[in-house]
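The values are calculated or read from the model by the stated rules, or taken from the named source; none is laboratory data. Quantities reported herein were computed from a predicted structural model and do not represent experimental measurements. Cβ coordinates were reconstructed from backbone atoms using ideal geometry, including for glycine residues, and neighbour counts include every protein chain displayed.
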C-alpha cells in the first residue's frame, strides 16, 4: 500500500486519481461485433459464441430440462443461503415502492406521478470462473417487484455449452424463464437490437469485462438505456482507534481479491492503525486462494493518515467510493459527513460482503467516482416515473393567464393559443 | 399530415419511425472544441464565444449590476406569471421528497436509503430567439429543493454580450448567483472539465441544439452525468368523439411551432374526427407568427385512425411519446392503458402548454422513444440515493452463514473470510 500522511488538500486529486483505462483500442472490435449482430442476428451471435466461448450452440434458450437438471445439482446449504438472501433483498427493495401523491398545485390543477415498470429488461450475468448468481438476485428481484413484463437473462456458456447450475437455480426460484446461453459483446448487441432468438429489450443491466462495458456504452449512445457506466470495483475504509484491525484487513482483502485492478483505499486516524492493519493483511493474505490477485491489487492501493475526521471525510467524499466502510464505534455520527458514496457500511460488524450477498441492499453500484452523481441499482432503475395532470375549467382559469404571458415572452404564440382558445370557450359558455 | 386508417400492427414500427438524425458529421467538430476547452480553458471558451456568438466576452460571469438592470426591465405581468409558475413547480416537486425508511431485513440487520443532493450541477439554458427562462425554473427549482450546494447556469450571450433579462430575473428570484455568458459546446465542455472561470460540475442538465446534444453525449462517455439523451420535441394526441377538435388543433400546433423537426402524432377514433381537426388546423395556422415552421412540421406528422381504444393505446405505447394528451371525457380510464410516455395530459382542459410552463410538472422529458426506459427530470435527478447498513453481532450471526456459503460458491474466499473472522470473534467473546 502506498502511504500518505496528512496530505495537503491540493494533492488529494492527484493521490486519489484512478488509473485511466483507455478503452479506445477495443472500440473498433466492439463496434464490428455490434454491427454484425445488428445486421446478421442469430447467425452472428452463434459465430461469436463459437469464436469466444469455444462452443457451437444450436439452441440458445435454456430448456426446462436443463433447468431441472441444474436445480437438482444444488445442495441444500446453498438453497437455504439463496432463500435467505432472496428474502432480504426482496424486503429491502420493496421499501422503495412509491405511493402516488396527487397534489392540487392550483385549485383545479391536479398533478401526480406514477411509477410504471419498464416493459422489457435484459440482465447480463457474467460467467467464467466466478458464476455471479448473486448478481442475478440483485437484478432479478427489483425487476420482479417493479413488474417488468419481459425479463430476459444472457450469460455465457462454458465449453460444453452449459450454464453454471447456481445461475439457473436462481433464475428458477425467481420464475425467470428466458435464459440464453450468450455472453460478451454479442449478448449486449442481441438484447439491444433483438434477433430471431433473443428479444429486444428497453434497458440492459449487469456487470461485465471491458468489452461488455464498451458495448453497453455503444448501445446506450444508440438509444437503449443501461443501468450505469462501469469500472473496476472499489472499497474505501475509514478506520479510527475503535476499529478492529483484523476486520479491516479482511474487508480490504475481500475487495482486493476481485481483480488486479480493484481499487482499495484505507483512510486511518493514525499511522499506528495503518501498521496494525498491515500486519493483519500479511497474515491473512497467505491463506487466500486468490492471493496473487489480491497482492497485486494491494500494491496499487492507498493508505492515507488523517487525524481530523472532517478532513478525512472531505477526502472520502472527493474520492466518491463505490463501497464505504466506517470501521468505528462512532460510525453513525461519522456517516452524517457522507456526501458521495455508493453504499455505506456502518461499524465493525457491517462488512461489505454482507451487502454483496445477503443484507438486502443492492450490490450493483457506481464505481470510478460516478457516486458523485449516480446511484446504485434500485427499484427506481426498473421504473419510468410518468407525470400526469388533469386540469378542469377552474384550473385553467387559475393558471391560464400565467401560461399565456410566459409563452408570449418566449415567442411561442401557438403555446399561448392552446390556452386562449380554451379560456374563450369557457367564457362563451359562462355568458 | 400523413393519414393511416387502421394500420396493421406489423406496419406500426415503420409508420412510427422517427427520422434518424445522423450526428456523426458534427462529431468531429464537437470533439475538437471539447478537447480544446479541456486543454486551454478560458482562452478556448472566449475564442469560441467570439466565433459562434460574435462577441468577445472579457468577464464571463454576470455581475450583480447586470442582474439588477435586467430585473428592472421585467414588467409586473411577467413577474406575476413567473411567481405563479415557480410556486406550482415548487409544490409539485416537493411531493417527490422521500422519507427515510429503515428496515430490519433480518434481526440485527438494519438497512436504509438516503437521498443526498448532487453537490455541483450545471444548468444549460439555450438563448437565441426563444429565451427559455421557463427551463431555468424547471431545472433550478428541483436543484434548490434537493439542496445542491453549487448551481451554475450557462447561457449564450447575444451579440452585445447580454443575457436575456427574463433568464436573469428567474435566476435572481431563485437565488442562483453563478450565471455565465457561455453557450454551445464550449459551455458543456467548460462545465464538464472546469476552467479558471467556470466551475467543474458533476451533472449537466438542459436542452440545446444538435451540437449541444452531441457534446453532452461525449462528456457523458467521459464520466460526467447528464440529465438524459435528447431529440426533437414530440406530442401524441389521442382524440375520441368527446374531444374538442379546435382544442386538439391548437395543441398540435403548439408542438409544431417548436421546429421543423417537431414530431406530431394524432391518433383518432374515426376519420371524421381527423377531418374536423384538419379544418381547425387550416384556420388556426394562418394566424401564427411561426406558421412556416409549423406548416413544415405538420407535413411530416401523422394522423392515424384506430377505432379500438386498446389497439390505439398499444400503438401509442409503442411510439412512447414525450407528451401524450388524451382528448376525451374518458381520459382517466384511458390513462390506465399507458405504459410508455414522458408526461400525460388528461381531458379537454389539460393542454400541453400548461405543463410546459405552470401546472407544476417538469417539462424536461424523454424524447425519441426513450420514454420506454427513461423518466423526465424530477427531484430524483438531483439526488444520489445512497444505501446504508448497520449490522450488529446478532445480525451478523443471522446472515453470516448465508454470506459464507454464497461467497464460497462464487469462489470468493476473502469475501467469506470477512464474515468468518467476525463470527469467530463473536464466538470467542461469548465463551
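Would you check if residue B:39 is at negative phi, out of contact with any strand residue (DSSP E or B) (no Cβ under 8 Å at 6 or more places or on another chain), away from every other protein chain (no Cβ under 14 Å) and part of a helix (DSSP H, G or I)?
On the way: at negative phi: yes; out of contact with any strand residue (DSSP E or B) (no Cβ under 8 Å at 6 or more places or on another chain): yes; away from every other protein chain (no Cβ under 14 Å): yes; part of a helix (DSSP H, G or I): yes.
Against the criterion (at negative phi, out of contact with any strand residue (DSSP E or B) (no Cβ under 8 Å at 6 or more places or on another chain), away from every other protein chain (no Cβ under 14 Å) and part of a helix (DSSP H, G or I)), residue B:39 qualifies.
With respect to residue B:13, determine if the residue is in the same structural domain as residue B:279 (by TED's automatic domain parsing) and touching a residue at least 12 places away in the same chain (Cβ under 8 Å). So residue B:13 passes the test.
Over 24 Å from residue B:378 (Cβ atoms) and either in contact (Cβ under 8 Å) with a residue 12 or more places away in the chain or not in a loop (DSSP other than H, G, I, E, B) (or both), is that true of residue B:153? Write out each step before concluding.
Values: over 24 Å from residue B:378 (Cβ atoms): no; either in contact (Cβ under 8 Å) with a residue 12 or more places away in the chain or not in a loop (DSSP other than H, G, I, E, B) (or both): yes.
No.
Take the range A:116-141 and flag every residue that is in a loop (DSSP other than H, G, I, E, B) and in contact with a strand residue (DSSP E or B) (Cβ under 6 Å, 6 or more places away or on another chain).
A:118, A:125, A:127, listed by residue number.
Mind checking which residues of the range B:159-173 are within 14 Å of another protein chain (Cβ to nearest Cβ) and over 20 Å from the mean Cα position of the chain (by Cα)? Don't jump to the end; show me each part of the working.
As a first pass, look at the range B:159-173 and keep what is within 14 Å of another protein chain (Cβ to nearest Cβ): B:164-170, B:173.
B:164, B:165, B:166, B:168, B:169, B:173 - these are the residues of the range B:159-173 that are within 14 Å of another protein chain (Cβ to nearest Cβ) and over 20 Å from the mean Cα position of the chain (by Cα).
Note on the range A:250-270: among residues that are in a loop (DSSP other than H, G, I, E, B) and more than 18 Å from residue A:5 (Cβ to Cβ), the one that is farthest from the other protein chains (Cβ to nearest Cβ) is A:261. Hey, any hits in the range B:93-101 for a residue that's surrounded by fewer than 19 Cβ atoms within 10 Å (Cβ to Cβ), free of Cβ contacts under 8 Å to residues at least 12 places away in the same chain and more than 9 Å from chain A (Cβ to nearest Cβ)? Yes: the range B:93-101 contains one or more residues that are surrounded by fewer than 19 Cβ atoms within 10 Å (Cβ to Cβ), free of Cβ contacts under 8 Å to residues at least 12 places away in the same chain and more than 9 Å from chain A (Cβ to nearest Cβ). Examine the range A:287-302 for a residue that is at pLDDT 95 or above, away from chain B (no Cβ under 14 Å) and part of a strand (DSSP E or B), and state whether such a residue exists. Yes, that holds for at least one residue. Restricting attention to the range A:248-261, the residues being surrounded by fewer than 24 Cβ atoms within 10 Å (Cβ to Cβ) and within 22 Å of residue A:315 (Cβ to Cβ) number 1. Could you tell me whether residue B:345 is facing chain A (nearest Cβ under 7 Å) and under 19 Å from residue B:97 (Cα atoms)? Criteria not met by residue B:345.
When the residues of the range B:55-74 are filtered to those that are within 29 Å of the chain's Cα centre (by Cα) and not in a helix (DSSP H, G or I), the one that is surrounded by the fewest Cβ atoms within 10 Å (Cβ to Cβ) is B:63. One residue stands out in the range A:231-244 among those that are surrounded by fewer than 22 Cβ atoms within 10 Å (Cβ to Cβ) and either more than 9 Å from chain B (Cβ to nearest Cβ) or over 15 Å from the mean Cα position of the chain (by Cα) (or both): the one that is nearest to residue A:370 (Cα to Cα), namely A:232.
If the condition is being surrounded by fewer than 19 Cβ atoms within 10 Å (Cβ to Cβ) and at pLDDT below 95, then the range B:178-210 contributes B:209, B:210.
In the range B:223-244, is there at least one residue being in a helix (DSSP H, G or I) and touching a strand residue (DSSP E or B) at 6+ places or on another chain (Cβ under 7 Å)? Among the residues of the range B:223-244, not one is in a helix (DSSP H, G or I) and touching a strand residue (DSSP E or B) at 6+ places or on another chain (Cβ under 7 Å), which makes the answer no.
Okay, residues lined up against (1) modelled with pLDDT under 95; (2) within 8 Å of another protein chain (Cβ to nearest Cβ); (3) surrounded by fewer than 21 Cβ atoms within 10 Å (Cβ to Cβ); (4) in contact with a helix residue (DSSP H, G or I) (Cβ under 9 Å, 6 or more places away or on another chain):
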{"residue": "A:379", "(1), (2), (3), (4)": "no, no, no, yes"}
{"residue": "A:382", "(1), (2), (3), (4)": "no, no, no, yes"}
{"residue": "A:388", "(1), (2), (3), (4)": "no, yes, no, yes"}
{"residue": "A:399", "(1), (2), (3), (4)": "no, yes, no, yes"}
{"residue": "A:403", "(1), (2), (3), (4)": "no, yes, no, yes"}
{"residue": "A:406", "(1), (2), (3), (4)": "no, yes, no, yes"}
{"residue": "A:415", "(1), (2), (3), (4)": "no, yes, no, yes"}
{"residue": "A:421", "(1), (2), (3), (4)": "no, yes, yes, yes"}
{"residue": "A:429", "(1), (2), (3), (4)": "yes, no, yes, yes"}
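Conditions (1) surrounded by fewer than 24 Cβ atoms within 10 Å (Cβ to Cβ); (2) touching a residue at least 60 places away in the same chain (Cβ under 8 Å); (3) within 9 Å of chain B (Cβ to nearest Cβ); (4) within 18 Å of residue B:341 (Cβ to Cβ), marked per residue:
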site: A:109; (1), (2), (3), (4): no, yes, yes, no
site: A:112; (1), (2), (3), (4): yes, yes, yes, yes
site: A:116; (1), (2), (3), (4): yes, yes, yes, yes
site: A:119; (1), (2), (3), (4): yes, yes, yes, yes
site: A:123; (1), (2), (3), (4): no, yes, no, no
site: A:127; (1), (2), (3), (4): yes, no, no, no
site: A:135; (1), (2), (3), (4): no, yes, no, no
site: A:142; (1), (2), (3), (4): no, yes, no, no
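Hey, any hits in the range B:7-19 for a residue that's surrounded by 14 or more Cβ atoms within 10 Å (Cβ to Cβ) and farther than 30 Å from residue B:315 by Cβ? Can you show your working first?
The first filter runs over the range B:7-19 and keeps only residues surrounded by 14 or more Cβ atoms within 10 Å (Cβ to Cβ), leaving B:7, B:12, B:15-16, B:18.
Now drop any that are not farther than 30 Å from residue B:315 by Cβ, which leaves none.
No.
I'd like to check something: does the range B:196-218 contain any residue that is assigned to a helix (DSSP H, G or I), more than 19 Å from the chain's Cα centre (by Cα) and away from chain A (no Cβ under 14 Å)? Within the range B:196-218, not a single residue is assigned to a helix (DSSP H, G or I), more than 19 Å from the chain's Cα centre (by Cα) and away from chain A (no Cβ under 14 Å).
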